[in-house]
Every structure is written in structure tokens, then in C-alpha cells.
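Participant: I'd like to ask some things about the structure below.
Derivation of every value follows stated rules applied to the coordinates shown; laboratory data play no part. All values reported here derive from a predicted model rather than from experimental measurement. Glycine also receives a Cβ, built like all others from the backbone with ideal geometry; neighbour counts cover every protein chain displayed.
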Amino acid sequence: MKTKVLALDFGIKRTGIAISDEMKMIASGLKTIDTRLLMDELKAIIKSENIDTLVVGQPKFTDGKPMQLERNILFFIEDIQSLFPKLKIERLDERFTSKMAFQTMIDSGLKKKQRKNKALVDEISATILLQNYLN
């Protein structure tokens, strides 16, 4: 059975989720979810989509130092690993993915009002993160 890769742009309020195709070549935005509901959602996605790898963004300042959010992410990763011990977890620098996501929205012709949709920015950021990992 073919497996897929899942990526998260983890945030305190919302988390963007992206998924790969079975050939692990193309990243697609899946959704943005309230972070409080993330664990239940991931359990369902990991099982239904046959996920073997989870890519989680590493939020860093421009100087490379980790942001405070990293502590929350590490606790989250511990919880996921205890539930899915065979799941491979990869970390990837996510600096500038939000800016890239915003630029992608501009380039695709979204109106200013649509670009204010932070949930869409998070989903696109997760997609960029995943595509960077797949490349």
C-alpha cells in the first residue's frame, strides 16, 4: 500500500495541513483547523490517508533562533509519537513560508479581502513547507 506525507504549519490558534500524493511528488493544501482540534483530526487523517511521514515546521526568527512556539510544538510531537510510534517525524525550517504564501495569493489574483483569510495563509504555508520537503 502506498503511503503519503502530511505537513503542518503549526500555530497556537490554527494549524495549516497539507498532504502529498502517493508518489510523494506533489503537495496539496488539505485544510486549516483550530489547533485545539488538531490531535483528533490527525488521528483520522493518519489512518485514512496512510501517512508514514509527518513534516512539522520549525518556527525560527530570522537570526535562526527558535521562536517561543517551538516549546508547544515539541510537546505536540511527543504526543503524536506516543500515539503513532512508527510515524516518521521530520522538522523543516519554516521561515518565510507565510510571506511566500501571501505572495502566492497575490500572484494567483486573490482580492485583498481574500488575502486577509489567515486560515488560507496557514494552509498555503503548510503546502509550501511540504513541497520544499518533497523537493
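Participant: At 7 Å along Cα-to-Cβ for each site, give me the label-to-label distance between LEU92 and ASN50 in nm.
Facilitator: 2.2
Participant: With N set to the number of residues, divide the alpha-carbon radius of gyration of the range 16-135 by 2.2 N^0.38 Å and report two decimals.
Facilitator: That works out to 1.07 for the range 16-135.
Participant: Please get the size of the charge dipole for the chain, origin at its Cα centre, with Cβ charges of +1 on Lys and Arg and -1 on Asp and Glu, quoted in debye to the nearest 20.
Facilitator: Dipole about the Cα centre, nearest 20: 500 debye.
Participant: Here's something else I'd like to know. Using only DSSP helix segments of four residues or longer, with each worth -39500 (n - 2.57), what per-residue ellipticity at 222 nm results for the chain after dividing by its residue count and rounding to 500?
Facilitator: Calculated from helices alone, the mean residue ellipticity at 222 nm is -13000 deg cm²/dmol.
Participant: Quick one: of the DSSP bridges fully inside the chain, what percent are antiparallel, nearest 5?
Facilitator: Bridges in the chain are about 50 percent antiparallel.
Participant: Defining a contact as two alpha carbons under 8 Å apart and six or more residues distant in sequence, what relative contact order in percent does the range 22-107 show?
Facilitator: Rounded, it is 33 percent for the range 22-107.
Participant: Another question, then. Starting at the first residue of the range 117-125, write each ³J(HN,Hα) from the Karplus equation 6.51 cos²θ - 1.76 cosθ + 1.60 with θ = phi - 60°, in whole Hz, x for Gly and Pro.
Facilitator: 6, 5, 5, 5, 4, 5, 5, 5, 4
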